Every structure is written in C-alpha cells, then in structure tokens.
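Comments concern the structure below.
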Amino acid sequence: MPDFIIQATYFLGALLFILGLKQMSSPVTARRGIVWAGVGMVLATLITYFHHEINHNYILMTVAIAIGGIIAFVSGKKVAMTDMPQMIALYNGMGGGAAAAIAAVVLIQQQPMSMTVQTLAVVGALIGTVAFSGSLIAFFKLQGILKGVIRFPMQQWINALVFVITLTFGLAIILSGTQYEMSSLAIFFVLALVFGVLMTVPIGGADMPVVISLYNALTGLAVGFEGFVLENPAMMIAGIVVGSAGTLLTQLMAKAMNRPITNVLFSNFGDGGDGEAAEVSGSMKEIDSTDVAVMMAFAEKVIVIPGYGMAVAQAQHKVWELTKQLQERGVNVKFAIHPVAGRMPGHMNVLLAEAGVPYDIIYDLDEINDEFATTDVVLVIGANDVVNPAARTDANSPIYGMPILNADYAKNVIVVKRGKGAGFSGIENHLFFADNTRMLYGDGQAVASELVSNIKEL
Ligand code: NAP
C-alpha cells in the first residue's frame with residue numbers, strides 16, 4: 001500500500017481522537033466522543049498491518065490484539081462503577097508499559113539514530129516505565145491488595161538518589177550512540193521500574209486518583225515521544241493529547257482539593273494545616289425519614305448534593321426515583337456536583353447519568369452556589385468534605401481554601417450518612433452541627449428508598 005495512504009489514515013485516526021475528546025467535554029455528546037475515538041483507534045490499528053516495517057509479523061500482532069481486546073472487553077463490561085479508578089490505573093499502566101516496550105525494542109536494535117531521536121527514545125522509556133510500575137502500585141492500592149502507606153527514614157532522599165542514578169544511566173546510553181552495553185540498558189529499565197514503585201508506595205490510597213491522573217499525563221508524554229521515534233503521527237498526536245489532557249486534569253483535581261501536586265506526592269494528607277483545627281460547637285440533631293419526606297414534599301426548591309457515600313451505597317437509582325416523585329408534586333429539584341465529589345473526576349456525573357438523571361438539572365459548583373440561600377431543603381447524600389464550611393472559615397483546617405458547595409446557606413439541610421464517619425480528609429464537618437442541619441442516619445440507598453415510600457403515602 002502507498003505510504004501516503006498509510007500516513008493519511010494515521011492522521012485521520014489522530015483527528016478522530018481529537019474530535020472524540022472534544023465531544024467528551026459534555027455529558028450529552030460524551031458517548032459519541034468515545035465511539036469516535038474508538039473508530040480512530042481501530043483505523044490506526046488496522047492500517048498498521050500494511051506498514052512496511054511490520055515484517056509479516058501478522059500472526060503475533062493478531063494474537064496480541066485478540067488477547068488484549070478480549071480481556072479489555074470482558075473486564076470493561078464487568079467492572080463496577082466504584083472500581084473504575086483502579087481499572088483506569090491498570091489500563092493506564094498498560095499504556096505506559098507499551099510505550100516503554102516500544103522504546104526497549106528500538107534501543108535493543110542499536111541502530112544508528114540522531115541524538116535527538118535517541119534522547120526521545122530514552123526519555124520516553126523512562127517516563128513510560130515509571131508510569132507503568134507506578135500505575136500498577138496505584139491499582140494494587142485501590143484494589144486493596146496493597147494496604148496502607150509504606151514509609152521509611154530518608155525516603156525522599158533515597159527516591160531522589162534512585163532517580164539520579166537512573167538518569168545517569170539514561171544519559172550514558174544517549175551519549176554512547178550505539179556503543180552501550182545491553183546490561184546498562186537492562187539496569188536503566190529496572191531502576192526506572194523501581195523508581196515508579198518507590199515514588200508511589202508512600203502515597204495514601206485516597207490520593208491515588210490524582211496520582212493516576214499524573215501517570216496518565218506521563219503515559220501520554222511517553223507515547224508521544226515514542227511516536228516521534230517511530231515517525232508515527234497517530235501516536236505523536238494521541239500522546240500529546242493524552243499528555244496535555246492528563247496534565248490539565250491533574251491540575252484541576254489538585255486545585256479543587258486545594259492542594260499543590262507536590263503535597264499529594266510528597267506528604268501525608270492533612271500535613272498542610274499549621275495549627276489545631278477549630279473546635280466544633282453545638283450538637284448533631286437527628287431527624288426521621290417521615291419528617292424529611294414531609295419537608296421535601298412541601299418544599300418549593302430542593303437541591304441534592306451527592307458524594308462518595310452515594311457511590312458506596314449505589315443509591316443513585318433511588319435518588320432519581322425520589323426526584324421524580326418530588327417533581328410530580330411540583331417541587332423544583334436540582335443536583336449540585338462538586339468537582340472532586342466522590343473519588344474520581346466526574347464520578348457523580350457518571351452515576352447520575354447511569355440512573356437516567358437528565359443533564360439539565362445537574363449543575364456545577366460555580367453555576368449553583370448562589371442558589372443555596374433561596375433553597376428550602378438541601379439533601380446531602382453521602383457527601384462530607386465538599387460541604388464542610390471549615391474550608392471557608394477555619395484557616396487551620398487541612399481543607400481550608402477548598403471551594404465548597406454552600407449547603408449551609410440553605411433554609412434546611414438534611415445529611416444522609418450511616419453514622420459519625422469522617423470524610424476523605426478525616427476531619428469533623430461543621431455543617432453537621434449547624435442549627436439548620438438535621439442528620440438522617442442510614443445507608444444511602446435504604447434511606448432514599450424509605451423517603452420514596454414515605455412520600456408516596458403523603
Ligand atoms: P467524603 O468526604 O469522602 O465523605 C463521604 C461520606 O459518605 C462519609 O462521611 C461517610 O460517612 C458517607 N458514607 C459512606 N458510605 C455510605 C453509605 N453507604 N451510605 C451513606 N453514606 C455513606 O465524600 P465527598 O464529600 O464526596 O468528598 C470527596 C473527597 O474525596 C474530597 O475530600 C476530595 O478532595 C477527595 N478526593 C476526590 C477525588 C476525585 O477525583 N473526586 C480524588 C481524590 C480525593 P459514614 O461513614 O458516617 O456513612
């Protein structure tokens with residue numbers, strides 16, 4: 001097949017990645033975006049069969065694609081929504097590993113190449129390998145296979161030392177042209193793997209989504225670099241797109257949690273506060289679901305704030321049923337989503353979409369925050385940190401400065417949770433003690449079901 005057709009097909013594939021990603025920015029078009037990007041991937045894969053450097057390795061290629069495709073299809077169909085972060089970690093690790101494997105093959109061949117290309121191959125290998133082993137550790141942590149954080153004395157110094165030695169080996173490989181020993185190459189890869197592990201083990205499981213997003217950016221970069229090495233435009237563009245999207249997402253998550261990325265990578269959560277967090281005054285006041293049903297059914301406006309607990313309880317379907325009932329009674333119901341509610345970006349949006357909640361009643365923090373003051377009832381279901389007013393008022397709180405949903409400004413706040421469990425940040429929530437707040441204890445799904453049947457009986 002003429003080379004220009006192959007290159008043009010790669011280019012078309014890359015274009016579909018970009019257009020697909022663009023469509024993923026809105027929930028209305030996101031599903032189509034995934035399909036477009038998938039078609040781009042199929043095109044890029046198929047045209048590779050005609051690439052002149054394939055050397056007739058068709059059987060190996062087909063077997064590899066079949067194994068990968070079947071595993072991805074089956075696991076993608078089976079994965080529970082709450083297990084999505086570790087699934088992404090695993091897939092991302094595979095991407096980084098693939099980029100590193102390409103670099104390894106190129107470097108093992110020891111063919112003459114320009115210093116620029118060799119540098120890109122080595123840097124891509126380093127980044128891809130770190131993303132590979134780091135993402136696997138993130139997967140093990142989120143899956144509960146690896147529990148807790150591993151810390152030891154002088155850890156950051158030892159990590160830095162391993163990184164510097166890895167870099168030195170990389171530099172030596174670049175500078176020696178084609179004269180490097182295979183053992184140096186092997187040591188370089190092993191050290192990069194070790195560095196990925198060392199860098200990730202001290203980070204707490206709950207910070208993993210941010211770390212995965214960072215590794216995602218690194219994987220993109222590694223793929224982009226190796227795309228330059230192979231002169232493959234689809235890989236270059238896809239890598240750059242993933243690299244920049246991952247970087248933006250990492251920044252966005254860190255900003256929404258009000259923590260610099262260095263704090264996520266190099267310190268325990270909660271290290272940020274300088275002094276004692278403010279004591280909470282008042283008491284938590286309980287309410288039962290019959291009273292809440294009356295309160296909501298006769299309200300003019302209700303805002304629902306879902307959080308991580310709604311995902312744990314899988315309460316989204318019941319919450320939507322409750323919403324429909326309220327709407328039938330003429331109540332204006334809206335959903336308010338905090339950018340880091342749950343444990344991964346878009347966590348709540350995905351759950352609500354799965355339950356069938358229409359997008360036009362789902363609002364972002366900036367869109368809805370001014371409306372709380374005119375809201376009769378706010379139903380906080382399984383959310384905690386994202387509604388904690390300490391972020392606004394207590395300079396010593398670890399979440400101080402994090403933008404929050406202004407639930408406390410509403411006339412009445414109902415908080416659904418199982419007990420006195422803290423949120424992700426492990427701190428007390430001042431909202432739960434406020435005069436206008438009532439606690440409705442129980443599992444999110446069970447409570448939502450009770451509210452549904454209580455409202456039916458009114
Ligand atoms: P959260 O602060 O983690 O609080 C979740 C609450 O849900 C807990 O207080 C828990 O209390 C309750 N809960 C757990 N299981 C429940 C169940 N079955 N039924 C009812 N309630 C249940 O949640 P959030 O307000 O969504 O905040 C997210 C936090 O995660 C933020 O601090 C954010 O910075 C962090 N984070 C987010 C991301 C992201 O990308 N979204 C990534 C990393 C970290 P009980 O135990 O008493 O029930």
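What the table below lists for this structure:
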quantity: Selected from Val415, Ile108, Ser281, residue furthest toward positive end of dipole (the chain; charges at beta carbon); calculated: Ile108
quantity: Neighbourhood charge, 12 Å Cβ-Cβ cut-off, centred on Tyr441 and excluding it, Lys, Arg +1 and Asp, Glu -1; calculated: +1
quantity: Simple spin-label estimate for Ala72 and Met1 in nanometres, 7 Å along Cα-Cβ; calculated: 1.8 nm
quantity: Cβ-based charge dipole, the chain, positive-most Cα from Ile59, Gly243, Phe169; calculated: Ile59
quantity: Value of Rg to Rh for the range 273-392 (Rh from inverse mean 1/r over Cα pairs, i.e. Kirkwood); calculated: 0.98
quantity: The range 31-68: chymotrypsin sites (Phe, Trp or Tyr not before Pro) in DSSP loop, at most 16 other beta carbons within 10 Å; calculated: Tyr49, Phe50
quantity: Cβ-defined net charge surrounding Met24, 11 Å radius [Lys, Arg +1; Asp, Glu -1]; calculated: +3
quantity: Out-of-range pairs (alpha-carbon distance over 22 Å; input Lys78/Lys334; Lys141/Lys420; Lys78/Lys147; Lys22/Lys141; Lys318/Lys456); calculated: Lys78/Lys334; Lys141/Lys420; Lys78/Lys147; Lys22/Lys141
quantity: Pairwise label distance in nanometres, Thr168 with Ile18, each label 7 Å out on the Cα-Cβ vector; calculated: 4.3 nm
quantity: Test item: Cα-centred dipole of the chain, Lys/Arg +1 and Asp/Glu -1 on Cβ, debye; calculated: 760 debye
quantity: q = 0.06 Å⁻¹: log10 I(q)/I(0) that the Debye formula gives for the chain, counting C-alpha atoms only; calculated: -0.32
quantity: Size of electric dipole in the range 289-457: Cβ of Lys, Arg +1 and of Asp, Glu -1, about Cα centre, debye, nearest 20; calculated: 380 debye
quantity: Calculated FRET efficiency for the pair Leu161/Val312, C-beta based, R₀ 45 Å, to 0.05; calculated: 0.65
quantity: Residues of the chain: accessible area per residue with a 1.4 Å probe, Å²; calculated: 48 Å²
quantity: FRET efficiency, 1/(1 + (r/R0)^6) with R0 60 Å, evaluated for Ile145 and Asp435 via beta carbons; calculated: 0.85
quantity: Where only alpha carbons of the range 319-458 are counted, the Rg and the Dmax (Å); calculated: 14.7, 47
quantity: Longest DSSP-loop-exposure-free segment, trypsin sites (Lys or Arg not before Pro), the chain, at most 16 other Cβ within 10 Å; calculated: 1-146
quantity: C-alpha long axis of helix 182-200 to longest principal axis of the chain, angle in °; calculated: 10 degrees
quantity: Cα-centred dipole magnitude for the range 79-266, charges only on beta-carbon of K, R (+1) and D, E (-1), debye, nearest 20; calculated: 500 debye
quantity: Potential extension, Thr374-Ile108 segment - 0.36 nm per residue separation minus Cα distance; calculated: 89.1 nm
quantity: Net length gained if the chain between Ser26 and Leu46 were fully extended (0.36 nm per residue, minus Cα distance); calculated: 4.3 nm
quantity: Solvent-accessible area, 1.4 Å probe, carbon plus sulfur percent, for the chain; calculated: 65 percent
quantity: Between the range 110-158 and the range 408-458, the Cα center-to-center distance that results, in Å; calculated: 42 Å
quantity: Neighbour cut-off at most 15 other Cβ (10 Å), DSSP loop, GluC sites (Glu not before Pro), the range 276-326; calculated: Glu276, Glu279, Glu300
quantity: Label-point separation in nm, Asp291 to Glu279, each point 7 Å along Cα→Cβ; calculated: 2.7 nm
quantity: Extension gain from Ala8 to Glu300, taking 0.36 nm per residue of separation minus the Cα-Cα distance; calculated: 99.4 nm
quantity: Cα coordinate range in the range 1-75, projected on the principal axes (Å, largest first); calculated: 43, 33, 11
quantity: More than 26 angstrom apart: percent of Cα pairs within the range 79-266; calculated: 31 percent
quantity: Net +/- balance of residues flanking Val377 in space, Cβ distance below 14 Å, scoring K and R +1, D and E -1; calculated: 0
quantity: R0 of 51 Å, Cβ-Cβ distance Met61-Gln327: FRET efficiency to nearest 0.05; calculated: 0.45
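The values are calculated or read from the model by the stated rules, or taken from the named source; none is laboratory data. Keep in mind the model is a prediction, meaning the values are calculated, not measured. Cβ: placed from backbone, ideal geometry, glycine included. Neighbour counts: every protein chain shown. The protein model used for the area step is the full one, side chains on, heavy atoms only, and it has no ligands, DNA or RNA in it. Shrake-Rupley method; radii C 1.70, N 1.55, O 1.52, S 1.80 Å.
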